[in-house]
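Structure record follows, encoded as structure tokens.
Only the coordinates and a few stated rules stand behind these numbers; no lab work does. What you see is a predicted model, and the numbers here were worked out from it, not measured in a lab. FYI the Cβ positions are ideal-geometry reconstructions off the backbone, even for glycines, and counts take in every protein chain you see.
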Amino acid sequence: MSGFPKQLASMLNKSIGIVPVTVILFAAASVVAALIVSRMVLGRQMKMYGTNNKATVYAGLNNMKLVITTHVIGGILASLSGIIMWGRYSSCKADNGATYTMQAILIAVMGGISPNGGKGNIQGVVLAVLIIQMVSSVLNMFNNIPTACRQIIWGGLLLIVMIFNYIVNNRSKHHG
């Protein structure tokens with residue numbers, strides 16, 4: 001017994017038509033995040049901070065407030081993810097998401113998020129999530145693949161994406 005409310009677990013495991021509720025929640029969170037990043041002052045400030053946090057001080061931004069706000073939003077999204085996982089799996093452990101670390105990094109890099117900050121968009125991340133979910137579904141068809149081998153596959157994909165991004169960025173620098 002996980003102590004998770006049965007009604008909430010039931011709702012999280014249902015579908016509306018053919019669309020699972022969790023997909024609807026993901027789409028809603030993606031739309032809200034895209035609106036924040038692309039249309040709100042907060043989103044522009046976050047991109048500015050990521051591009052050059054020293055310049056934001058001279059632009060009059062309160063960097064501490066911006067960092068705290070960004071972490072609060074991240075915390076809210078992480079808690080929503082935790083609630084969804086808890087409801088879907090009817091169990092909860094502190095390290096439940098540990099196996100998704102490599103996938104999360106791969107999604108960010110594949111989605112066009114710059115590790116140095118200031119670049120990227122939600123649409124790229126959503127597309128990367130869909131691609132990674134398809135690859136994950138194919139891997140799940142072969143249930144005899146050990147977890148360690150799956151991590152190697154994710155790491156290999158990450159290297160391929162990083163090399164591709166490096167080539168594309170160098171080509172655009174020479175032609176742009």
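Among MET40, ILE18, THR69, whose Cα sits farthest toward the positive end of the charge dipole of the chain (+1 at Cβ of Lys/Arg, -1 at Cβ of Asp/Glu, about the Cα centre)?
Result: MET40, furthest along the dipole toward the positive end.
Which entry in [x] 18.8, 60; [y] 16.2, 57; [z] 14.1, 39 matches Rg and Dmax of the Cα atoms in Å derived from the coordinates of this structure?
[x]
Would you mind giving the average projected area, over all directions, of the Cα convex hull of region 72-156 in nm² with one decimal?
Taking the Cα atoms of region 72-156, their convex hull projects to 6.6 nm² on average.
With each run of n ≥ 4 DSSP H residues scored as -39500 (n - 2.57), what mean residue ellipticity at 222 nm is computed for the chain after dividing by its residue count and rounding to the nearest 500 deg cm²/dmol?
Calculated mean residue ellipticity at 222 nm is -24500 deg cm²/dmol.
Where Rh denotes the Kirkwood radius from the mean inverse Cα pair distance, what is Rg over Rh for region 37-93?
1.20
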